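Reading through the structure tokens given below for one structure.
The values are calculated or read from the model by the stated rules, or taken from the named source; none is laboratory data. The shown structure was predicted, so the numbers you read here are calculated from the model rather than taken from an experiment. Glycine gets a Cβ as well: all are built from the backbone with ideal geometry, and neighbour counts include every protein chain shown.
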């Protein structure tokens with residue numbers, strides 16, 4: 001299970017269909033922190049702006065990674081964290097990445113990544 005923490009409350013994701021609900025909430029809230037509650041040594045922050053979004057994955061072994069996209073050229077701020085430039089990907093790709101994280105609890109392999117230093 002993944003727990004999604006928003007400024008306005010908490011939601012739980014248990015299945016792929018819950019991801020659509022998460023993205024709908026992100027459209028209004030713009031960002032959330034996702035915690036894979038079965039394995040607390042890693043977490044994900046996600047944010048949405050319009051038709052694009054970004055994901056930041058951090059774990060104790062590999063460090064921090066951000067989705068790799070074409071923009072923006074300035075660092076966006078999601079979930080209280082400054083993301084690197086070029087981190088935003090289409091919402092459909094973000095949904096796939098969140099679904100993979102929900103299924104595996106690991107950094108998704110279906111989207112490109114950039115290491116955050």
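Assorted remarks:
- Checked against the criterion of being surrounded by fewer than 20 Cβ atoms within 10 Å (Cβ to Cβ), closer than 16 Å to residue 26 by Cα and over 11 Å from the mean Cα position of the chain (by Cα), the candidates 51, 59 yield just one match: 51.
- The numbered conditions (1) exposed (fewer than 14 other Cβ atoms within 10 Å of the Cβ); (2) out of contact with any helix residue (DSSP H, G or I) (no Cβ under 8 Å at 6 or more places or on another chain) are all true for residue 65 except (1).
- Considering segment 33-68, and only residues there that are touching a residue at least 40 places away in the same chain (Cβ under 8 Å) and assigned to a loop (DSSP other than H, G, I, E, B), the residue that is farthest from residue 20 (Cα to Cα) turns out to be 62.
- Single match in 30, 106 (criterion: at pLDDT below 90, within 13 Å of the chain's Cα centre (by Cα), buried (at least 16 other Cβ atoms within 10 Å of the Cβ) and under 18 Å from residue 4 (Cα atoms)): 30
- Among the residues of segment 88-102, the ones that are assigned to a helix (DSSP H, G or I) and either under 10 Å from residue 51 (Cα atoms) or touching a residue at least 60 places away in the same chain (Cβ under 8 Å) (or both) come to 8 in all.
- When 108, 84 are screened for being within 21 Å of residue 16 (Cα to Cα) and touching a residue at least 12 places away in the same chain (Cβ under 8 Å), only 108 passes.
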